[in-house]
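Some notes on the structure that comes next.
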Amino acid sequence: MALNRRQFIQASAATAAATTLGACSGESVSIDNSLPVGPYNAKSTAEEVTEGIDLTGKTALVTGCTSGIGFETMRVLALRGAHVFGTGRTLEKAEEACAQVTGSTTPLALELSDFDSCVACAQAVAAQGSSLDMLIANAGIGTFSEFELVGGIEKIFVVNYLGHVILTMNLLPLVQNADRGRIVHVGSRMGYRTAPDEGIDFGNLRGEGEFDPYQAYGRSKLANALFSLKLSRMLDPEDTTSNVIHPGFVKTDIGRNATGIMGFLYNNAATLIQKNPAEGAATQVYVATNPLLQGVSGAYFEDCNPVKVNIPNHVFDSALADRLWDETLVMVGGYLPGTAPA
Ligand SMILES: NC(=O)c1ccc[n+]([C@@H]2O[C@H](COP(=O)([O-])OP(=O)(O)OC[C@H]3O[C@@H](n4cnc5c(N)ncnc54)[C@H](OP(=O)(O)O)[C@@H]3O)[C@@H](O)[C@H]2O)c1
């Protein structure tokens, strides 16, 4: 198959990304032994990490429950007794997913690129109860997108980051009402692998420069990590925690838009090194539920353990988190509740 220059670059990047994602944590991260380390690893499943944990009486919200890691997260939290709000881009899709799960669930509509929908989703949760024990910001779109602006801002950044900021800040009072509420942000190791060198290229969020979908995805996932860090500094970790995770390289529908050689590499060749969704959901379910992690906030997890990143990265860059927060307020401040911490 003959490739043009753009396809060649994209295919090379896809191969590199797949290799990067699939590589064992090895040299790029190491377990952070200053934080509690559990008995689980890359092969652990969401069911295994919740064995013996009774979530009866707890509530959780999982964004993107219709597919992949989000569906498995909802399934296992409900299996352990939690009442789970599962969001889909339409109510019908969420209903369909919830209907496949044993346990107590409530389907909700959430379209992350529609900021009114993010506020409405939070209001729908608030209408049903006064507290939320676990918020798992899981939904996302991958790297296989063409350049698109939503309301003048690059779409991957809008969906993966800005929409979740609005949802999270509108739900924050409920999480703070819970007994030791937990917020889990689903990031990616692409946040330190493919984000721009400066981390967030603030001068290119509105399509000012060249669009590289791998950088755009990495930037959005780094933004998830920096938002988690910022929140962890706003909140008392004894009351509410905020952590970010990388689920691993997981066989899901995230490569659904990949076509041609990229589609082949991602959806076929890469499956040899991918986790299955049961393994992929384990880290976020572990961080949302394990008693060992009470009071642990502002940490980054891979393969069910807190890790340090040993290559140049911005995952723990507080100054960048502050700058991102300031820019975020300019972009979506009007959608955040007046009570949002400064
Ligand atoms: N799979 C991996 O290897 C991998 C690696 C690192 C990080 N992650 C992260 O893991 C998370 C889950 O991804 P996945 O692999 O499970 O992918 P997936 O199977 O494609 O699931 C993504 C979920 O997000 C929802 N979603 C997409 N666009 C949305 C929007 N605009 N508004 C609201 N919801 C939207 C999807 O809904 P629809 O079904 O309606 O589109 C779906 O429920 C993502 O944040 C992803 O970045 C995945």
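No value in this document is a laboratory result; all are computed from the given coordinates. If you're wondering where the values come from, they're calculated on a predicted model, not measured in any experiment. Quick reminder, even Gly has a Cβ in these numbers, built from the backbone with ideal geometry, and neighbours come from all protein chains shown.
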Whole-Hz Karplus couplings 3J(HN,Hα) for the range 274-279, θ = phi - 60° and coefficients 6.51, -1.76, 1.60, Gly and Pro as x, run 8, 6, 8, x, 5, 6
Compute a Gaussian network model of the chain, connecting alpha carbons closer than 10 Å, and tell me which residue from Gly129, Gly68, Gly151 fluctuates the most.
Gly129
Which residue fluctuates most in the GNM of the chain (Cα springs below 10 Å): Ser34, Ser228, Ser220?
Ser34
State the extension gain, in nm to one decimal, for the chain segment bounded by Gln100 and Asn268, taking 0.36 nm per residue of separation less the distance between their alpha-carbons.
57.8 nm
Counting only DSSP beta bridges fully inside the chain, the antiparallel percentage to nearest 5 is 20 percent
Rounded to the nearest 0.05, what FRET efficiency do Gln294 and Phe202 give with R0 = 51 Å and r taken as the Cβ-Cβ distance? Could you check?
0.90
Taking neighbour counts of Cβ atoms within 10 Å as a proxy for exposure, in what order, fewest first, do Leu112, Leu265 appear?
Leu265, Leu112
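Go through 176-184, 134-142, 56-64 and give me the packing order, highest mean Cβ count within 10 Å leading.
Highest-to-lowest ranking by the protection proxy: 134-142, 56-64, 176-184.
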Looking only at lysines whose Cα falls under 24 Å of Lys221's and that sit 8 or more positions away or on another chain, we get Lys43, Lys155, Lys230, Lys251, Lys275, Lys308
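Using alpha-carbon pairs under 8 Å, 6+ residues apart, how would you state the relative contact order of the range 228-289 in percent?
36 percent
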Give the long-range amide H neighbours of Ala82: residues separated by 5 or more places, or on another chain, with amide H under 5 Å away, using H modelled in the peptide plane at 1.01 Å from N.
Leu55
Toward the positive end of the charge dipole of the range 29-330, about the Cα centre and with charges on Cβ (Lys, Arg +1; Asp, Glu -1), which of Thr168, Leu329, Asn257 goes farthest?
Asn257
If contacts are Cα pairs under 8 angstrom and at least 6 residues apart, what is the relative contact order of the range 226-342 in percent?
37 percent
Mean separation of Cα contacts under 8 Å, 6 or more apart, over the residue count of the range 127-267: relative contact order %:
30 percent
